[in-house]
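The values are calculated or read from the model by the stated rules, or taken from the named source; none is laboratory data. This structure is a prediction, so every number in the text was calculated from the model and none was measured. Cβ coordinates were reconstructed from backbone atoms using ideal geometry, including for glycine residues, and neighbour counts include every protein chain displayed. Heavy atoms of the whole protein, side chains included, go into the accessibility calculation; ligands, DNA and RNA do not. Shrake-Rupley method; radii C 1.70, N 1.55, O 1.52, S 1.80 Å.
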Amino acid sequence: MSDTIHLSRQFDEDLERLRTSVLQMGGLVETQMGMTIKAYTEKTSSTVLTVLENDREVNALEKAIDDDCIHIIAKRQPTASDLRLIMSVSKMVTDLERSGDEIKKMAKSVRRIQERDLTVHIANTDVRHLAKLASSQLRRALDTFARLDTTEAAAVIIADEELDTEFKSVVRQLITYMMEDPRAITTSLDIITIARAIERLGDHAKNIAEQVIYIVEGRDVRHTKNDTPK
């Protein structure tokens, strides 16, 4: 009996370490996002370089967590909710790694804008607002995972629609600006790249929230219109 309890405690520790690693990776992605937007608004080139360098750390965390998932499955042979948790974690870290890739695209676009020393001021405020929405969605998605809160997860999924609407608004503004001032077309296209990356970050946050619902309820709500938990 004592051996069984001991093994169970070790398994719980393995799962808790996995959850902690995901939240650590998510925190790094959040930091990367904040630094990139700061570089965009304050024109700090050193911050861009830091973001590009830190992307390697995000990639390393993805690999380490995936290795942990494989190790736990092989060693513990989990079933039911434990297996759902591990499989969902593997998908979540993919979304976080891809979020890191989107942030890297943003940083490169910011660097190009800085090198041209030309900023399309009309879009600055809206891009910051878009980034604020996406950062909030990512933070909330990670929080729903930490607390396994399906009600909040459903709210994160629904909130993605607002982000999509804001993205379309930014693109419309930039198209108008390019028509009025063709000299700013190249920079405007870079800003559209930044906005698109931010919008995709929201998509990845939504995916994480969907996995939380799957972990808790065993329901796959991907590609469904009604994502509200029953």
Original post:
Quick one: is Asp164 assigned to a helix (DSSP H, G or I) and under 30 Å from Thr20 (Cβ atoms)?
Top reply: no
Subject >> Flag if Arg56 is in contact (Cβ under 8 Å) with a residue 60 or more places away in the chain, open to solvent by 30 Å² or more (accessible area, probe 1.4 Å) and charged (D, E, K, R) >> reply: no
Subject >> Subset of the range 181-211 [of a type in the set (D, E, K, R) and either part of a helix (DSSP H, G or I) or surrounded by 20 or more Cβ atoms within 10 Å (Cβ to Cβ) (or both)] >> reply: Arg183, Asp190, Arg196, Glu199, Arg200, Asp203, Lys206, Glu210
Subject >> Lone unmet requirement of (1) modelled with pLDDT under 90; (2) farther than 19 Å from Thr165 by Cβ; (3) of a type in the set (A, V, I, L, M, F, W, C); (4) in contact with a Leu (Cβ under 6 Å, 6 or more places away or on another chain) for Ala123 >> reply: (2)
**OP:** Say whether the condition of being outside any helix (DSSP H, G or I) and either surrounded by fewer than 16 Cβ atoms within 10 Å (Cβ to Cβ) or aliphatic (A, V, I, L, M) (or both) is met by at least one residue in the range 60-74.
**Re:** no
**OP:** Would you confirm whether any residue within the range 56-69 is modelled with pLDDT under 90, closer than 30 Å to Ile213 by Cβ and of a type in the set (Val, Ile, Thr)?
**Re:** no
Original post:
Does the range 169-180 contain any residue that is surrounded by 14 or more Cβ atoms within 10 Å (Cβ to Cβ), touching a Ser or Thr at 6+ places or on another chain (Cβ under 8 Å), under 21 Å from Val221 (Cβ atoms) and touching a residue at least 24 places away in the same chain (Cβ under 8 Å)?
Top reply: no
Subject >> Single residue of the range 157-168 satisfying the filter (closer than 21 Å to Ile208 by Cα and without any contact (Cβ under 8 Å) to a residue 12 or more places away in the chain) that is most open to solvent (accessible area, probe 1.4 Å) >> reply: Glu161
Original post:
Does Met92 qualify as being within 30 Å of Val51 (Cα to Cα), without any contact (Cβ under 8 Å) to a residue 40 or more places away in the chain and assigned to a helix (DSSP H, G or I)?
Top reply: no
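Considering only the range 12-53, state which residues are among the charged types (D, E, K, R), assigned to a helix (DSSP H, G or I) and surrounded by 14 or more Cβ atoms within 10 Å (Cβ to Cβ).
Matches in the range 12-53: Asp14, Arg19, Glu30, Lys38.
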